[in-house]
Amino acid sequence: MNREHQTHIDGLRGIAVLSILLFHLDIPGAEAGFLGVDMFFVVSGYLITGQILRLTADNTFSLARFYLRRARRLLPALCVTLLGTLGAGYLFLSPHDFSLLAYSVLASEFFYSNFYFWATAGYFSDISQSKILLHTWSLSLEEQFYLVWPLLLLLLLRFTKKPERIFTPLIGVAVICLSLSQWAALTVPEAAFYLLPFRFHEFMVGGLAYFLGNSQITKLQAMGCEALAVCGFTLLALSFYLFDAGTTFPGLASLIPSFGVALLLVAAGHSTSGRLLSWMPLRRVGLASYSIYLIHWPLIAFTQKLGATTGNIPTESILFVASIALGYASFRYIEQPFRNPKLPVFHPGTFLPLSVLSFSLLAILATVTVAKDGYPDRFPQSLQMSQEALFSERERYWNAFGKTSHSQLRINDSEHYVLIIGNSHAQDLVYALRQNGFPGNLEIIITPFKCFNFGVGSDPADDDLCQSARDRLLTSPLLSGAERIYLHEDFNGEWVADLLGFLNALRVRSPAPIYLFGPRLTFKKSVLQIAHEHGRLSGLRDYAISQSFLPERENLNNKLLTVFSDQKLTNLDMHFVDTLSVQCGAQRDTCDIVSSKTSGFLYFDNSHFTEQGAAEFGAELRAKHPDLFLLR
């Protein structure tokens, strides 16, 4: 490949990594920055196909040399990044998050992290789960492509003998993979995002582009490389303008940016407009794009873990510059030496043992971290929660609810019951009531976690789901038989008018007294992490409040108090329970995350009570609102 051709590919890589970086920094206008990953896939398919076909034409291709070259390209920077991330995790992460980071280090090291993050995706996996190496899913997917693609090409070449004859069968494979991708994007979107079979067509677009560029260059020049390059830029620009997180992707939609990149790969090197991609600063970013990609997300993730927000210009600017600077340093001083034939580390006799030793050490460190539960001894004994205890809390909360004495709904044969409505916070209320002697039966209607105000989508994409949930709620036969109705969930303060409408609709359907439990204190991160960051019991309450949403909760609490007062809702037998005052006191001076009685944690994540936390909250609730524990 000549140098002119290579320079515009460096530029494409530069655009790809910059778009990803801006996307992860939540820069306005970069909502489609995730397409940078797809650009990398197409470029990889193009380059790897070219390498294989050129060497097989010369009868010099060797799978061993191919994988050795890939190892030199990828392993050194990856190893250093994983070691650095593990070291930072030891300093800054809670034992639980550090253990999860160690799991993801192993997944990244052995190139199955796309499977790992696919398997652990979703709300119920773990709200506080460490995702510091989430971005390595795409590297694992590329490595899996490198295992499959050379074998497929060699197999086809063996039967067809001539490279040009394998183009048609490859088109057939690409169509099948694209069809699978479209099906998966519509039916199993998380699998479509993470797994190779549903991304394979993007690599193949790059590979097929090499075939066309190599065998049809005269025809392409006759068509006008300038026009093809402009078409490529246009398709790419349209993709970045039109796509966002709500786009059904990859599937058919992925063809637009993929074809755009393919046209630029084939034509930009022979066009005037291709000089834009050969602009020196963009090329240098492209040359270091692998290291920039490796480093940028751990930087952003650790910044967020430490409590800094990325929604302000100074922080975003520092992270942007640091990602590029550290990435370029990694390229110069880690990547390049291992690819320089003049240096000893290039030679297989040195490189291979060094790689085995380094990755073995990394695997041992990660495995021991998992075995040691993330080294909880780094923190005071009173600020520790073992992996077993945390698992037990989560198991109790998500899987054992309603099956234990502390969450039992019906305790006698009476037809009378109190109906509790809400999301997971309603479950906390059940635990609080039951552990403090609530004497009657309970029934519960759980609303979807994606919905606020008992039926409003937290995202426009969830509106239909949440409206259907509200419709089912308002037609539930449980409403008519309830002695009382207790409402409790994680609120959004922007929809007070909608909440008032819901309360009125509820009143029409049930004569029972309605009690709305107001917002309670939630935090910006796991309370375990907050405790471990502070590192001591002294001053922990004040530090925890600084990491909480107390101002937002206070503002919403005041809004709801005003609404109930102005609308005279008590005249309609609708009452507001000031949950925040129950939890934190009138002066907001009892907002604890660790029990003063047992020194145990009152939360197991950023918003859900431990069993101890629910019991202590329920005790305060009974002391301040004893009527809630009395039945008519």
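The values are calculated or read from the model by the stated rules, or taken from the named source; none is laboratory data. Just so it is clear, the structure is predicted and the values come from calculations on it, not from any experiment. Cβ sites come from the backbone with ideal geometry, for glycine too, and all protein chains shown count toward neighbours. Surface areas here come from the heavy atoms of the whole protein model, side chains and all, with no ligands, DNA or RNA. Shrake-Rupley method; radii C 1.70, N 1.55, O 1.52, S 1.80 Å.
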Q.
Taking 0.36 nm per residue of sequence separation and subtracting the Cα-Cα distance, how much length would be gained by fully extending the chain between R472 and L561, in nm to one decimal?
A. 29.3 nm
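Give me the extension gain from N340 to Y241: residue separation times 0.36 nm, minus the current Cα-Cα distance, reported in nm with one decimal. Mind showing how you got there, number by number?
On the way: separation 99, 0.36 × 99 = 35.64 nm, distance 4.01 nm.
Stretched fully, the N340-Y241 segment lengthens by 31.6 nm.
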Q) Between N399 and A64, what FRET efficiency follows from the Cβ-Cβ distance if R0 is 56 Å, with the result rounded to 0.05? A) 0.70
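Averaged per residue, what accessible area in Å² does the chain show with a 1.4 Å probe, protein chains only?
Values: 27210 Å² over 632 residues.
Spelled out: the 1.4 Å probe surface of the chain, per residue, equals 43 Å².
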Q. In the range 311-387, which trypsin sites (Lys or Arg not before Pro) are in a loop and have at most 10 other Cβ atoms within 10 Å, using DSSP for the loop call?
A. K342
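Ignoring everything except DSSP H segments at least 4 long, calculate the 222 nm mean residue ellipticity for the chain; use -39,500 (n - 2.57) per segment, divide by total residues, nearest 500. Mind showing how you got there, number by number?
On the way: 26 runs with 374 residues, N = 632.
Rounded to the nearest 500, the figure is -19000 deg cm²/dmol.
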Q. Roughly what angle does helix 3-24 make with the longest principal axis of the chain, taking Cα atoms, 0 to 90 degrees, to the nearest 10?
A. 0 degrees
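Less than 13 Å Cβ to Cβ from F240, Lys/Arg counted +1 and Asp/Glu -1: what total charge do the surrounding residues give? Mind dumping the intermediate values first?
Numbers: positive: none; negative: E31, D38, D244.
With Lys, Arg at +1 and Asp, Glu at -1, the neighbours total -3.
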Q.
Using only the alpha-carbon atoms, how far is helix 167-187 inclined from the longest principal axis of the chain? Give it as 0 to 90 degrees, nearest 10.
A. 10 degrees
Q. Out of [x] 90, 51, 45; [y] 120, 63, 54; [z] 170, 60, 49, which label holds the value of Cα extents along the principal axes in Å that was computed here?
A. [x]
Q. In the neighborhood of N340, defined by Cβ-to-Cβ distances under 12 Å, what is the net charge if each Lys or Arg adds +1 and each Asp or Glu adds -1?
A. +3
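Working with all protein chains in place, sort Y290, Y103, Y241, Y543 by solvent-accessible area computed with a 1.4 Å probe, largest first. Walk me through the intermediate numbers first.
Values: Y290 25, Y103 100, Y241 180, Y543 60 Å².
Ranked from most to least accessible, the order is Y241, Y103, Y543, Y290.
For F391 and D627, calculate 0.36 nm times their separation in residues minus their Cα-Cα distance, and state this gained length in nm to one decimal. All intermediate terms of the calculation are to be shown ahead of the outcome.
Working: separation 236, 0.36 × 236 = 84.96 nm, distance 3.48 nm.
Going from the current span to full extension adds 81.5 nm.
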Q) For helix 63-92, what angle does its Cα long axis make with the longest principal axis of the chain, in degrees from 0 to 90 and rounded to 10? A) 30 degrees
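Among residues other than L433 whose Cβ falls under 12 Å from its Cβ, what is the net charge (Lys/Arg +1, Asp/Glu -1)? Could the numbers behind the result be given before it?
Working: positive: R434, R484, R622; negative: D428.
Neighbour charge sum, excluding L433 itself: +2.
For the range 539-619, give the percent of accessible area contributed by carbon and sulfur heavy atoms, probe 1.4 Å, rounded to a whole number. Write down the numbers at each step before the final one.
On the way: 1670 of 3400 Å².
Here carbon and sulfur together make up 49 percent of the probe-accessible area.
For the range 356-453, which whole-number percentage of the solvent-accessible area (1.4 Å probe, protein heavy atoms only) is attributable to carbon and sulfur atoms? Please report the intermediate quantities before stating the final value.
Values: 2520 of 4430 Å².
Heavy-atom surface of the range 356-453 belonging to carbon and sulfur, 1.4 Å probe: 57 percent.
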**Q.** Cut-off 19 Å (backbone N to label point 7 Å along Cα→Cβ of A461), residues of the range 101-119
**A.** 117-119
Q: Using Cβ-Cβ distances only, list the Cys residues of the chain with no partner cysteine under 4.7 Å, sorted by number.
A: C79, C177, C225, C231
Q) In the range 46-174, carbon and sulfur make up what percent of the accessible area (probe 1.4 Å)? A) 67 percent
Q) Within the set K305/K450; K403/K450; K372/K597; K131/K450; K568/K597; K161/K342, which residue pairs have Cα atoms separated by over 32 Å? A) K568/K597; K161/K342
**Q.** Nearest-10 value in Å² for the accessible area of I318, using the 1.4 Å probe
**A.** 110 Å²
